Every structure is written in C-alpha cells, then in structure tokens.
1. State all residues of segment A:127-163 that are farther than 24 Å from D:GLY92 by Cβ, open to solvent by 10 Å² or more (accessible area, probe 1.4 Å), more than 20 Å from the chain's Cα centre (by Cα) and not hydrophobic (A, V, I, L, M, F, W, C); if no residue qualifies, say none.
2. Please state which of the following conditions D:PRO203 fails to meet, knowing it meets all the rest: (1) assigned to a loop (DSSP other than H, G, I, E, B); (2) open to solvent by less than 10 Å² (accessible area, probe 1.4 Å).
3. Determine, yes or no, whether B:ASN229 is more than 30 Å from B:VAL140 (Cα to Cα) and assigned to a helix (DSSP H, G or I).
4. Name the residues in segment C:26-48 that are among the small types (Gly, Ala, Ser) and surrounded by fewer than 22 Cβ atoms within 10 Å (Cβ to Cβ), would you?
5. Could you go through segment B:91-113 and let me know if any residue there is β-branched (Val, Ile, Thr), farther than 30 Å from C:GLU104 by Cα and touching a residue at least 60 places away in the same chain (Cβ under 8 Å).
6. Identify all residues within segment A:49-71 that are open to solvent by less than 10 Å² (accessible area, probe 1.4 Å) and not β-branched (Val, Ile, Thr); write none if there are none.
7. So, in segment C:87-120, exactly how many residues are open to solvent by 10 Å² or more (accessible area, probe 1.4 Å) and more than 18 Å from the chain's Cα centre (by Cα)?
8. With respect to D:ALA124, determine if the residue is within 14 Å of another protein chain (Cβ to nearest Cβ) and closer than 28 Å to D:GLY225 by Cα.
4 protein chains.
Amino acid sequence: MRALSIVLPAMLMLGFAAAGPQDRPRLREFGLSTGTLPPGPLNAITDVAGVLVGQTTLIEGTSIRTGVTAVLPHGGNVFQDKVPAAISVANGFGKLAGSTQVEELGAIETPIVLTNTLAVPTAADAVIDYILGLPGNERVESVNPVVGETNDGVLNDIRGRAVKKDHVLAAIRTAKGGPAAADTALDPPSKGSCMIVVATDAPLDSRNLKRLAKRALLGIARTGGYFSNGSGDYAIAFSTAKDVRVPHQLASPTQTITVLRNEAVSPLFLAAAEAAEEAILNSLFKAHRVEGKNGHVAEALPLDKLRELLKK
Amino acid sequence: MRALSIVLPAMLMLGFAAAGPQDRPRLREFGLSTGTLPPGPLNAITDVAGVLVGQTTLIEGTSIRTGVTAVLPHGGNVFQDKVPAAISVANGFGKLAGSTQVEELGAIETPIVLTNTLAVPTAADAVIDYILGLPGNERVESVNPVVGETNDGVLNDIRGRAVKKDHVLAAIRTAKGGPAAADTALDPPSKGSCMIVVATDAPLDSRNLKRLAKRALLGIARTGGYFSNGSGDYAIAFSTAKDVRVPHQLASPTQTITVLRNEAVSPLFLAAAEAAEEAILNSLFKAHRVEGKNGHVAEALPLDKLRELLKK
Amino acid sequence: MRALSIVLPAMLMLGFAAAGPQDRPRLREFGLSTGTLPPGPLNAITDVAGVLVGQTTLIEGTSIRTGVTAVLPHGGNVFQDKVPAAISVANGFGKLAGSTQVEELGAIETPIVLTNTLAVPTAADAVIDYILGLPGNERVESVNPVVGETNDGVLNDIRGRAVKKDHVLAAIRTAKGGPAAADTALDPPSKGSCMIVVATDAPLDSRNLKRLAKRALLGIARTGGYFSNGSGDYAIAFSTAKDVRVPHQLASPTQTITVLRNEAVSPLFLAAAEAAEEAILNSLFKAHRVEGKNGHVAEALPLDKLRELLKK
Amino acid sequence: MRALSIVLPAMLMLGFAAAGPQDRPRLREFGLSTGTLPPGPLNAITDVAGVLVGQTTLIEGTSIRTGVTAVLPHGGNVFQDKVPAAISVANGFGKLAGSTQVEELGAIETPIVLTNTLAVPTAADAVIDYILGLPGNERVESVNPVVGETNDGVLNDIRGRAVKKDHVLAAIRTAKGGPAAADTALDPPSKGSCMIVVATDAPLDSRNLKRLAKRALLGIARTGGYFSNGSGDYAIAFSTAKDVRVPHQLASPTQTITVLRNEAVSPLFLAAAEAAEEAILNSLFKAHRVEGKNGHVAEALPLDKLRELLKK
C-alpha cells in the first residue's frame, strides 16, 4: 500500500480561480485546514512527479482580465506517449473541447488547457499547432485538443477575444514543475463554472479515472456549490504512471499493464474530493481584489473578518 | 415565481436509513438545522401532494433486520398514468432494477420500492403482481419495476432472504400521505449504499429531472460521503405535476405540456441538495440502537455527547 | 495477429429467437451466407472455449410458449472468478437487470440469463440462489444478476408467469458447450426486442467490450431492424481470456493484465456485426411454425418461396 | 398524422462525402432506390422548411482538397431562437465541438458546421464571430459552437490548415434552401469518419431527438460500415418545429410545448435510418474522381461496371 500512500497526498487540482499575488495566504498558511488525508509537500498538482503547469495572465487596461493555464501530464511528447484519462461531467453547460474522444479511447494526447469561454477555439487551435510542431509528430494528421473553460465575462471584456494563440503556446512552453507553478496567475471569478484537473501517479485505467474525476467534483459540493444551471462543471483525471501509458504506435496488438483494482480505489476517491475542496478554498484565499470591466469588482476574501468570525 | 416557492419546501427525499422510534428527535427538533431554504410543513416527501409512502419492517429473532419502503407518485394507477422521471447514478455498484427504461422513456410506471440487496428480484416480482392486478391493467404485458436497494448484511441475515412478496405488497398497499409516513420504519445501517428518491410538484421534464437527481446526490457529499467503491449511490427524481404526466394511451400522437425552463431550475437544484442532506442527517438522528446478526450492533448517534460537543 | 485470427470465427451471439427443431436448416445449410469473415467450427457462441449454454423450454397447453436461456462465461465459479464485460443499449425500452453495476465495475459475476419480460425478477432471484449456493460463496452477501428479456406475449400467456425459479436453475445447471447448445430451444417471436450476447476470447477490457457490444447491435440494422420505439435492444459482451479475469478477492491492490489495444479491435468489431447478423438470420431460418395464445400463429420462414425468389 | 406524413420524406442528412459535379447521377437518377418511405421533393435536408445549407470548397494546387459545410436550422437568429437538438455518438474517436452542452441543455444555439479534423477550432472560432456579430446578440458572452469533422488527409494537405475563418463565415452566410443546396461541394473521401445531420419538422424534444440521431447512424450499418476503431461516427438531430423552439430569454419560467409521444416516433426512426443510408449512397454516386496530395486518387464509383453487375 506504500504506493498509494505516496500517491494520495500528491494529488491535487487546479481550480478555475488560480491564486493571486504571493502576499495572501493559502488555507493552511492562514491556520485552517480541511480534509483528513495529508497533502503533498507542495500541496499542488506538481506534487505528481512529471506534471508541468504553465500560465499566461492577461491584464491590460481596464477591461482585459483573463488568462490561460496549461497542464502537461509529462515533459515528453504527449501525443506519442498518451496517458490514460477520463472526464466526468457534473453540468455540461460548458464548451469543453475534446470530450468524446477521451470518453471513447480513454486517453489524452495533448496538454490540458484552461481558458475563458470564448477563447476555447483559439486555445484548441494553438494546441494543434503545438502538437503538429513537436519533433516526431511530422506525420500526425489528427489531434484531439482538450480545452476547458470558465466564463470570466464579469470582469473581463470576454467579447474582445484578447487571448491569442501565442498566449496559449507560451503557457504550454513555459510550463514547469515545482513550487511556483500554480500560484502566479490571475483568473478572475467566473460566473460559476469550474474545470477541475486531477493528476495521479496511481496506475488507474480510464474507467477508474472516470470514477476518480467524479469524486473530485464533490469538492464543489463540499464548498457549498450545487452545479447551478449556468455553471458548467467538469473534471478530468489522468494518470502519469508509466506502466499505463498509451503509446501512439506499438508493434504488438496487445499491451500489458498493471492497474489498481476496484477494491483499492476508495482512498483515492476520498483524496480527490478533499484535494478539490482544498484547491477551491485555496483559490478563494489567494485571490486578491480585482477591478475590471465596467468597474466591476471582485473583492478578495476578507481575511480579517474571517479571523474575527472564527474567534467567535 | 410563486409556483417555485411553493414547490421548493415540498421537495424531500427518503434516505436509505429511515427513522427509528418516535422518541428520538430529528435534526431540527434537536435544535440544529442545515440548508438555506425552508422545509415543507412535514419536512417529508409526503409534503409533495399526492405522494404516498408505505413501509414494512421485518424484525424477527436475532438476525432478521430488514424492510421494504414503497413510494407511490400518486394514488391512482401509475401504470396508466405514468410520471416523468430520471435516474442519476453516482456509483453504479448496486442492483437498481428498471434503470434503462427510465433513461430511455423518461418516465416511471410503477411505485418505487427500496429494500435490501438480495431482495430486489422479490420486490420487482411483487411490483409486477401489483401492476398486473390493478383494475384497468388487464391487458398489460410489460411492466418496468423500479427497485433500489442497500445492503443491510451487517445486521441482517441477508442471505436468509426474509423479504417475501407479501411484505412488498403490504408496503405498497398501506402507503399513505401525511405525517407518519416516513418515521416508523427500520432500515438498519447499510454498508454504504444510498438510494435517494426525489419528488417534486414542479413541472420538470425527464432531462431536468435527471439534473435534479444529480444534485440530490450532493446531499451525500454534504454529509461527508464520497461514493466509495463499494457504495452504490443512486437518485431517482419524479414530478407529480399533472400537466407533465405521461398517459399510457392517448388518442393523439402529440401531447402538450408546460415545463420549467432551464433558467428556472437552479433553486430546485439547491433544494434537492439541501433536502437530501437533511434527510440523511434526520436518518442519523432518528436511528436508534439496533442489535442484529452475530451480535453486531449499530449504535445510535449519541445525542448527549453531541450536545456537549456543540456547547464547546 | 494469430490470436485474433483464432478469436474472430469463435465469436457468436445468441439472438432472442433461438432455433426450432433440427429439421430446418441454418442460413449456410440452406446455401446462403453473409458476412466476410469465416465462422467458427460450430458457428455458435460455444465456439468460444469454455462458454456454456443451457436452455429450458416451456410448451404447455395452448398458451404457454416461453423459455429460459443461460450463458455461462466459464464452467467455474463466475462470482469468484468474474469476467470483464460491458453492455451497450441501443434502445433501453426493456427490463435488463444488472446494467448499472456492469457499467460501473466493468465485469459480470453471474451467468447471463435471457427470458420473457415478466420473468426477469424470477430469473434474477434464481441467479441469486445459484450464486449463493455455489461452494466457496458461503459468505457472499451481494450478487448482481444479469438478466435480459424479450416480450413473447404474442404467443405466450406472459401474464400467467409460467417461468419458475426451477426452470431458470435447470437452464443454468444443464448448460454445456459443444454443438447442441443453442439449437434446441423455443423462443417464440417477440414483439421486437432483442438481447444479444457476445463472447470473445480476445483479451478486451470493459471499455473495448462496450465498443464491441455496440457493433454487435449493428447486426440488427443489417437485417433491417431500426430499434423501433417498443423494441428494447441490448448487447452484452464479455471476454473469457484468462488474463483479464477479475478475481473477487486478491491479495494485491493491483492486477497485471494484457489487453488488446484500440488499434487492433476493428476486425473484432466487424466480426461482432457479422456474427450478430448471421445469428439473427439463423434464428429466422431455424424457427418453425408455432401456434400459441388465442390461436396466434408465428409462421416459419417459407423456405420454398425463398428458394424460388432467389432463383429469380 | 398528416404532420408526420409531411415530415418523413422531408428528413435528410448530409453525409460526410458531399456530391461532386452535376454530371453524375444520384442513386434514384441511376435507376436504383433503397428504403421503403418516399423521399421529399428535393430528397435533401432542405426539404425541411427553413433549413439552410451553405458550402465552401477549397481546391488549390495539387494538395488542397477540403471544405466547409454549414447547416442552419432556420434563417433567423439561432442563438436567440435555439432549437431542440441531441447528439448520438456511435464512435467518439472524433473532435466534435459542443457536445456536452447539447447533451445537458438539449438545444443548439449556432449553425452546425462540418469541416476537416484540424479545422474544427478555426470553424468554432468563426461560429463565435458569427453569433457575436448578429444583431440582437450584442450582450452575448457565451456561445456553444457545434462543429463536426472528418479527416480528409488522404487527399488533402490537412496539416497545411487551409481552412480559414472567412471560408467558414462564407459557408454560413451563403447558406440557402432549395435544390442546389447540397450538391455542389467537394468533400474528398475521409479515412472513415462520418458526421450525420438530421433535420425534422416533427415536434421532438431532445430525448427523442437523441433516439432519432441514434437511428440515423444505422444508415452507416445499412451501407456496410461498422464504426471501425478509427472512424469517428456521430449524428446530430434537431427539430425545426416552431412550437418546441427554445428562446434564449423568456419572461415566464415555464414554456408550453407540444411534443410527439414515444408511441409515435417509430416511423421517424425508420425514416432516419433510410434517409441516412440513401444520403451515403448518393454521396458515393455523386462523388467524382479526385486527385490530391502526393498523387493520391479517390476514384469515382464506376457506374458502367455497376450497371453491368446489376444486369447479371
């Protein structure tokens, strides 16, 4: 069970609302905690070895408040070396690109990109550019970009379509592991949607990854959300375990893999729910005040008031 | 919006673990509450006008601890006068009968029966008996019984198959509305499974009933559950609105219905999550100590200790 | 690829309408053929090594015309030694028992039983009896019977509920491999429903078994069917490959399996469509004239007229 | 039933491989026919009143052989005046954009665009441009483009990404009804994928539209296809019936609609299967010889040989 105990804390999610400047604390830095399982050393998705995260933040003038996040399952050629994956849809009122192929084939072959609702095609186009341009992909003629979104139109001039392909490519190409990965971006509050990304080094096949993704969505319920009509809520889970990778080409028609059995997945299910909950809370804690389009303001969580409330 | 404000409090669920004797309080009687929306007058599924609930409890010797619950959408011939319905599966590790037809046709045509895992076929058989025997159903040759289950094998000699067709028919035939409906049965704690029944008088079609059922399952997450591998977790939702009823036979190939629009369903979604949460908590509060098979004991929630904890 | 070439001809289905007396020919015995891939030596599901088939036929008086078919994935304890499986639903207007657990866990743990619509609970109950009674299952408290159905109410007094548990147990217990397996039963014509069972010794996981089952349903389209509203059409596929078996208990939390890759499954998809088509045609050819309830008659396919038509 | 008898022949699909020059016959012009129901006057999707089709064909140099097809449910503002719709996935190995929202909300709010695999993001981006730019949509901040694809990489330099937003907008803006609508485009043979579009003026809700789309996919089986692993096969169905339209905004939380009952949909199911089959055959008949990338050639169906074969 050692493999599992290593895996659990290493699982984390990127909530839609990434963190703000470094001067605000995360939940645990504030002195609170949630969940029963211990987090990983960074308490970030990059705790899963090999996972890389990149972000491009666009803050311009009074009304551009948007960005791009890219999650790479590993540092190699993910098209040639696909990873098993699955998507769970809590509320499909969203524009997620790539879902049917992930459902059918049980794998992803590109980075996962998150951006604003109207930038999904731009991001998908950039992902195709990225994949076609990778050494070794010279003959690739079919790519399934996976792009999730939230609607940042409250603060951002979303109709202005500020996100360009270069912003997306920059997020992918600057992706890195380690501590700073997820804490520098701006994703202003959405109207409610949430796209959760779950990485694990446990050797799960796509069926159990789908079950895992479904539990990550419970993190939303644990923080009070209920998948309201307009909130497109999705989770995608992938495994980085080398053994379950899905090579694009293989001489043999069969592949031998070692997978976790149904009976062993419950601790991971709990970890997914807890990690998603904490990632959402961390987003709330880290997010600072943002003023955007039409003078709309997203206030930061008032930590002083919270401290007072907790004393009572 | 008046229709909605009437509907919301009238929505409630039957948790897996129905209540024990009358001497234990519900959550609100104990002085606590949860959720933001007001409950209905009975805070029971029978707040939805027309819904009937019946139960048969089997306590015999040292090891029979099981039962049957029947929920009737209305007091008429539900086969001839079907109601729109939908099922959401959080964890399909269960033996729910009838799911594919509900998914395909968007309606139920029988009472919903809940019992123990190994009694599902017996209950389904009894439901067929019941439907075939109703006046007006003399020519019926196809029936889709909807039967959910939880596994009470911890306290109950489940392999003994104590539930017989007569027990099921009794639950159906004694079903009634009003206050006493859900508070007299014994459903010993299951190993984790949960079958939630949601009734609403809001005019929802099957697509939005499916969305509603999915939100009811969040009640499990709100009380700490996470759909562990072995816990089969399902919700079924139906509407009692007369206007959306699905008559078995109709001269016209078309039917005119008035349905709630997507934009109006969010308050119901929240109500479903909150009502499910409260139903689960009520089950925990009402459940009394049960000793069963092999001396296994399910302790009651220690209300005194809880009161002390809350004082701190 | 040798494994595949062995597998393909060994795949076959049991259509709803099993064959009549031995004096009528199958399609190929009549001189016709369909499909492009060669059938197995028996052209029967028992070509897949280890698969056993049993049937109980009930013909009594003027109006009992029904039966039970049981398909056992292997001759051992299928609960302890489950096989990967998946169900595809073409039209869910049916009473298939066991579907959600197969979808969730990707395996079956009982024989697959086919019977008439109103006998599904009886058959499921018998399957539970059978599993609980097998040596080694003394502690089993949860069983997921898989039972499919068609409605034989045109010829059969289906409301009379002639099928009893003993009939089902007899079908299971007399199941055997070899040539006679599928050619002795009576399944009078249904009102349209179809339950296809696909067995393969190819090492498919549940995801690709689901894809395989979906292709088997194309056999219905190839013979002119179109999943009309009232026709519940399902396919279930399982793999008998030893390597992908799902042991009920295993010391290790992981399991190593060798599975066919996506890129290698297309020949099996074609085989499933062709084998299902031929199984349906064989059913039509073998079915003899049956007179049943209320003097209703299902005429046999008029082979003489067919021969004349073909000459033109 | 008159409504139905009008509807049936008016239903048609756009197969992946649209027709070539006018000098080649369709199936019926060649003297053959298939199916049992009569086609509409044009035997085209534009037989459904109000449906508009536009196409942009790109033939440049020796290696650009691609194009765009746009299907508009009606000539108005489809975002403000959405139509009920549903998608059925036969094989999800494809890049269909927009599927989860259609599944969740049961409606489409944009034209349906078909193009090559790597042009899906470009087309989706153009659809967003189109919707944002329509009078009345000045405040729209969320759009769900529906874009299907097939892979034309055999003849087309698909990596060259020849399709630009203007090509897509041209297809949308020049869309028209009437006879010429679908017979002028070039869609070179794909590697196997197929995207079927079904329009009907029957008042179907999204649940029955999903069932209808599933039957359209049987057209592929009727012409010999079997959803091979690499062939992404989808169908999308929508209803143009005014009564079931889904207005983007409505004062009332409810909407009254008249829908076809389950019992009345079977003739439409058959029509969908037959129309899809004939549309595929028409594509084969109309397609002329195309020489493309690397000298690859897609030969036309040799009508002379076919005529000889048929004489025998």
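The values are calculated or read from the model by the stated rules, or taken from the named source; none is laboratory data. All figures in this text were calculated on a predicted structure; none of them were measured in a lab. Cβ placement follows ideal geometry from the backbone for every residue including glycine, while neighbour counts extend to all protein chains displayed. In case anyone asks, the SASA skips ligands and DNA or RNA and just uses the protein heavy atoms, side chains included. Shrake-Rupley method; radii C 1.70, N 1.55, O 1.52, S 1.80 Å.
1. A:GLY133, A:PRO135, A:GLY136, A:GLU138, A:ASP157, A:ARG159, A:GLY160, A:ARG161
2. (2)
3. Working: more than 30 Å from B:VAL140 (Cα to Cα): yes; assigned to a helix (DSSP H, G or I): no.
For B:ASN229, the condition - more than 30 Å from B:VAL140 (Cα to Cα) and assigned to a helix (DSSP H, G or I) - is not met.
4. To start, the set of residues in segment C:26-48 that are among the small types (Gly, Ala, Ser) comprises C:31, C:33, C:35, C:40, C:44.
Those that are among the small types (Gly, Ala, Ser) and surrounded by fewer than 22 Cβ atoms within 10 Å (Cβ to Cβ): C:GLY31, C:SER33, C:GLY35, C:GLY40.
5. Just the residues of segment B:91-113 that are β-branched (Val, Ile, Thr), to begin with: B:100, B:102, B:108, B:110, B:112-113.
This time we only want the ones that are farther than 30 Å from C:GLU104 by Cα, so: none.
Scanning segment B:91-113, I find no residue that is β-branched (Val, Ile, Thr), farther than 30 Å from C:GLU104 by Cα and touching a residue at least 60 places away in the same chain (Cβ under 8 Å), so the answer is no.
6. Within segment A:49-71, the subset open to solvent by less than 10 Å² (accessible area, probe 1.4 Å) is A:51, A:53-54, A:58, A:66-71.
Listed by number, the residues that qualify are A:GLY54, A:LEU58, A:GLY67, A:ALA70.
7. 3
8. Numbers: within 14 Å of another protein chain (Cβ to nearest Cβ): yes; closer than 28 Å to D:GLY225 by Cα: no.
No, not satisfied.
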